[in-house]
Every structure is written in structure tokens, then in C-alpha cells.
1. Checking residue 74 against (1) among the polar types (S, T, N, Q); (2) in contact with a Ser or Thr (Cβ under 8 Å, 6 or more places away or on another chain); (3) touching a residue at least 24 places away in the same chain (Cβ under 8 Å), which single condition isn't satisfied?
2. Check 120, 136 and return the single one that is free of Cβ contacts under 8 Å to residues at least 24 places away in the same chain and either of a type outside the set (Val, Ile, Thr) or in contact with a His (Cβ under 7 Å, 6 or more places away or on another chain) (or both).
3. Counting just the residues of the stretch 113-156 that are among the hydrophobic types (A, V, I, L, M, F, W, C) and closer than 19 Å to residue 52 by Cβ, which one comes out surrounded by the fewest Cβ atoms within 10 Å (Cβ to Cβ)?
4. Only residues in the stretch 85-99 that are modelled with pLDDT of 90 or more count as the first member; pair them with residues that are among the hydroxyl-bearing types (Ser, Thr, Tyr) and surrounded by 12 or more Cβ atoms within 10 Å (Cβ to Cβ), Cβ under 8 angstrom, at least 6 apart or cross-chain, and list the lot.
5. Within the stretch 113-143, how many residues turn out to be under 22 Å from residue 155 (Cβ atoms) and small (Gly, Ala, Ser)?
6. Could you list all residues from the stretch 60-93 that are more than 11 Å from the chain's Cα centre (by Cα) and among the basic types (Lys, Arg)?
7. For the stretch 70-90, indicate whether the set of residues that are farther than 20 Å from residue 144 by Cβ, hydrophobic (A, V, I, L, M, F, W, C) and surrounded by 14 or more Cβ atoms within 10 Å (Cβ to Cβ) is non-empty.
8. Here are the criteria: (1) at pLDDT 90 or above; (2) in contact with a Lys or Arg (Cβ under 6 Å, 6 or more places away or on another chain). Tell me which single one residue 44 does not satisfy.
Amino acid sequence: MKFLYPLFFFAILLSCNSKIEQTNNLEATQIHTTAITTQDITALKYVDYGVDKKAKTTLDSWQAYSDVSRAITQVKIADVSFFTADEALFMSTVKELVSTIPEQINTDPIQARILALTTKMYKLEEMLSLKTTLKKDKLTSLKEVLQAFSYLTLQVNKKYEKEAQNIIKPVFNEIETE
């Protein structure tokens with residue numbers, strides 16, 4: 001009987017240890033399944049508009065747009081460090097994007113697209129910072145950012161295309177009525 005008590009205590013001690021290992025393995029699996037990969041991003045379906053030659057000089061001189069463009073390029077290869085690494089840098093870039101719009105393209109439709117992009121960027125940054133966010137929610141938010149950036153580029157392209165159109169408007173002479 002004296003021999004059974006230490007044996008029983010030893011068996012309980014061993015069984016507790018294995019449960020902790022199972023929990024750690026489960027946590028590692030969950031972390032791995034929420035990681036975003038390049039394959040996940042390439043599987044996203046969205047239209048990616050490129051910068052037109054006419055808009056390239058304006059957009060290249062716009063530093064905040066260039067920073068966001070580089071971040072979007074990194075996101076396409078599953079590097080979301082712009083959204084997760086330095087919050088102060090992220091916030092300052094977003095604020096500069098809104099406040100430093102070049103005069104040539106500072107129109108209401110472009111401002112609306114910038115607002116949509118910044119909103120989606122804030123949402124993605126928040127989704128990536130939460131540990132409980134599901135992978136599909138992260139990918140949905142990531143797709144929204146990619147779409148918003150693409151639509152901003154499309155809107156800038158449209159602005160320059162519209163300016164390039166030379167539409168001759170008829171001149172009406174007023175006819176004097178007697």
C-alpha cells in the first residue's frame with residue numbers, strides 16, 4: 001500500500017506534463033494557420049491598376065504615395081511589416097497621404113479614394129495587431145486595402161485622361177431678338 005501512493009502521485013505528475021505539451025502544440029498550430037503566405041495573397045481576386053505614364057511624374061514626386069506603394073508591393077509578397085512594425089511610422093505616413101496631396105490631383109473623387117484607402121489601412125493594421133483574428137478576416141481586410149489602393153491609382157489615371165481630352169465646345173452667339 002505504501003508503494004502505491006508514490007506510484008499514483010508519479011502517474012498524476014506525468015499526465016499533467018503531457019497536457020501542457022498538447023496545449024503548446026495546439027497554440028503553435030493556431031499561430032501557423034493564421035500566418036499569411038504569398039500563396040494566400042496571390043489567390044486573392046482583385047483588379048490591380050498600374051500607374052499611367054501621364055500620372056507617373058506626379059505620383060513619383062508624392063512621397064506619401066510612394067511610401068504606401070512600397071508597402072503595398074511588400075504586402076503582395078506577404079510582408080506586412082509596414083502595418084505591424086512601427087505604429088508611429090504607419091500613422092505619420094497615413095496622415096501625410098491625406099495632407100500632402102499634390103495640387104494637380106487634389107480633387108473630390110481622389111480625396112474620396114484616399115479616405116477609403118486610409119480607412120482600409122487602419123482596419124488592416126488593427127486586424128493584424130489582434131491575436132484572435134481569423135486568417136480569412138485578415139485576408140479579406142488585405143484584399144480591401146489592395147483594392148482601395150488600386151482604385152486610387154485608377155482615379156488618378158482617370159483625372160489625367162480626362163485632362164488629355166480636347167473636347168471642342170461650341171460657342172453660341174446670342175441672337176438678338178427684336
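The values are calculated or read from the model by the stated rules, or taken from the named source; none is laboratory data. On a predicted model such as this, the values are computed, not experimentally measured, just so you know. So basically every Cβ, Gly included, is an ideal-geometry build from the backbone, and we count neighbours across all protein chains shown.
1. (3)
2. Details: 120 fails: free of Cβ contacts under 8 Å to residues at least 24 places away in the same chain.
None of the others qualify; the one that does is 136.
3. Per the stated criteria, the residue is 154.
4. Close Cβ pairs satisfying both conditions: 94/118; 94/122; 97/65; 97/118; 98/118.
5. 2
6. Correct list: 70 only.
7. For the stretch 70-90, residues farther than 20 Å from residue 144 by Cβ, hydrophobic (A, V, I, L, M, F, W, C) and surrounded by 14 or more Cβ atoms within 10 Å (Cβ to Cβ): absent.
8. (1)
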